[in-house]
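Data block below; observations after.
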Amino acid sequence: MVLLKIKKIVNEILSTNISIKDDSDLQEFGMDSIKFVQIIIALEDEFKCEIPEEFFLMEKMNSVDKIERVISKLLEEK
Amino acid sequence: MKKILPINKNPIIKCYQYNAFAISIASLHENFREWIIDNYIQLSFDYCNINRNGILVDFLGGTIFDSLSLLKYEDGNKDRYYSSGDKILSYIINKINEEKYICTMLNEYYVPERKNYKNEYFEHDIMIYGYNTEEKVINIIGYNNDGKYVASNISFCEFVKAFETNNLFLKLIEINKNKYDYNIFKFKDFLVDYIKGTDCKNKLDKYVDVSKGELSFFVGKYTNHTKVSFGIKIYDALKYYLMFVTSNDTEMDYRPFYTLYEHKVLMLERLNIVNVLEKKNIDKVILEYQNILEKSRIILNLIIKYQFKHEKEYIDQICKMLQEIKKQEICSLTEIITVFN
């Protein structure tokens with residue numbers, strides 16, 4: 001469920017219908033700093049959590065896999 | 001017939017065009033790495049520009065207008081008066097054939113891939129680095145409609161219109177083939193000035209204020225620098241700016257924080273080069289500086305987040321991080337100064 005929601009957010013913000021592999025680098029699908037921050041904001045809204053600033057680096061959340069790990073950990077800690 | 005001059009399309013400094021164009025060329029110089037060691041160390045913050053969307057944070061160093069020792073400059077302003085109409089095309093072709101890059105202003109209404117293309121008249125500067133007479137295009141570099149520094153083409157026809165309706169300056173630049181030798185004492189001295197927050201313009205070989213330069217499109221604008229902070233003091237200035245933005249509910253300018261980030265990129269590069277060339281063991285400081293660079297990138301993303309959400313808690317986070325970076329940077333650079341004493 002978490003993964004599906006993440007994929008929906010990523011696809012919407014990157015404006016793509018292509019099926020992005022979980023380990024694909026999102027920068028190859030047009031993720032720049034602005035879109036990266038938009039994804040963070042959308043994730044925080046969707047999962048009602050606050051992503052710590054240490055993850056505000058593109059290389060730490062530049063794939064669906066990595067995003068899922070961060071979000072799952074945050075949800076566990078809730 | 002075509003000729004494209006070599007150019008670095010991803011220069012290490014690209015926040016402001018007058019630096020980006022210069023570094024795009026200078027980074028092709030065989031001694032660019034050595035040049036990094038004792039140049040572009042000091043930063044300034046101009047309080048007078050807070051309320052007028054001017055340049056807040058900038059490097060003290062050479063630009064497209066003058067003073068970058070890896071480049072040779074020529075004033076093309078005298079030429080622009082008779083280089084109107086189609087004559088400008090043969091002028092450009094001649095200069096490119098002479099291996100000269102051309103910096104000028106164009107009316108973006110006629111420049112493809114710009115947000116004002118076929119929309120409204122808007123002056124902006126570009127740099128020309130090539131031409132193709134068969135395809136009838138000129139190769140230019142500048143900021144596109146997404147604000148990214150990219151190369152693109154403009155047709156001869158549109159170029160003539162864009163130039164005729166808006167040519168405020170013309171500067172010719174070529175690579176200075178002279179060797180550049182760095183000065184390690186100067187490197188250390190500039191680091192001291194950075195840590196102390198000293199105005200060190202008088203220590204530069206030559207300094208041209210971009211807002212006062214004769215050829216500058218800034219002429220008559222932003223020339224009042226009554227309150228300027230330098231070096232480490234810009235952290236407090238940036239905090240002041242953040243408070244100004246929140247208390248006046250004005251638009252946040254991303255660029256000062258981008259320049260801060262570029263300063264860290266360049267400093268880390270500088271430390272790595274010094275480490276190799278001077279054979280000093282500064283690996284520990286380099287590691288520490290990588291963390292400073294990382295934090296400056298986080299700050300940038302927090303600034304973007306603030307631009308979307310306008311929540312003051314992000315400003316508090318940014319201020320806290322600016323304070324942390326300031327402390328870390330004082331420690332790291334003091335250690336470097338000690339090593340080179």
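Data overview
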| quantity | calculated |
| --- | --- |
| Selected residue (criterion: farthest from B:ASN291 (Cα to Cα)) from residues of region A:59-69 that are out of contact with any Asp or Glu (no Cβ under 7 Å at 6 or more places or on another chain) and more than 14 Å from every other protein chain (Cβ to nearest Cβ) | A:GLU68 |
| Failed item in (1) within 19 Å of B:TYR314 (Cβ to Cβ); (2) away from every other protein chain (no Cβ under 14 Å); (3) among the charged types (D, E, K, R), with A:LYS7 passing the rest | (1) |
| Filter result for B:THR259 (modelled with pLDDT under 95, in the same structural domain as B:ASN53 (by TED's automatic domain parsing), under 21 Å from the mean Cα position of the chain (by Cα) and within 23 Å of B:ASN19 (Cβ to Cβ)) | no |
| One residue from B:LYS279, B:LYS309 being farther than 19 Å from B:PHE45 by Cα, within 13 Å of chain A (Cβ to nearest Cβ) and out of contact with any Leu (no Cβ under 6 Å at 6 or more places or on another chain) | B:LYS309 |
| Residue match in region A:37-58 (condition: more than 12 Å from the chain's Cα centre (by Cα), away from chain B (no Cβ under 12 Å) and among the aromatic types (Phe, Trp, Tyr)) | no |
| Any hit, region B:242-251, residues being within 14 Å of chain A (Cβ to nearest Cβ) and free of Cβ contacts under 8 Å to residues at least 40 places away in the same chain | no |
| Region A:15-35: number of residues that are assigned to a loop (DSSP other than H, G, I, E, B) and either away from chain B (no Cβ under 12 Å) or modelled with pLDDT of 95 or more (or both) | 12 |
| Subset of region B:312-341 [within 14 Å of chain A (Cβ to nearest Cβ) and either under 14 Å from B:PHE257 (Cβ atoms) or under 24 Å from the mean Cα position of the chain (by Cα) (or both)] | B:TYR314, B:ILE315, B:GLN317, B:ILE318, B:CYS319, B:MET321, B:LEU322, B:ILE325 |
| Conditions (1) farther than 30 Å from B:ARG33 by Cα; (2) at pLDDT 95 or above; (3) surrounded by fewer than 17 Cβ atoms within 10 Å (Cβ to Cβ); number of the one not met by B:VAL265 | (1) |
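Per-residue answers, yes or no, for (1) part of a loop (DSSP other than H, G, I, E, B); (2) among the polar types (S, T, N, Q); (3) surrounded by fewer than 17 Cβ atoms within 10 Å (Cβ to Cβ):
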{"site": "B:HIS29", "(1), (2), (3)": "yes, no, no"}
{"site": "B:ASN49", "(1), (2), (3)": "no, yes, no"}
{"site": "B:SER69", "(1), (2), (3)": "yes, yes, no"}
{"site": "B:ILE88", "(1), (2), (3)": "no, no, no"}
{"site": "B:ILE96", "(1), (2), (3)": "no, no, no"}
{"site": "B:GLU99", "(1), (2), (3)": "yes, no, yes"}
{"site": "B:LEU106", "(1), (2), (3)": "no, no, no"}
{"site": "B:PRO112", "(1), (2), (3)": "yes, no, yes"}
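The values are calculated or read from the model by the stated rules, or taken from the named source; none is laboratory data. On a predicted model such as this, the values are computed, not experimentally measured, just so you know. We place every Cβ from the backbone using ideal geometry, glycine too, and count neighbours over all the protein chains shown.
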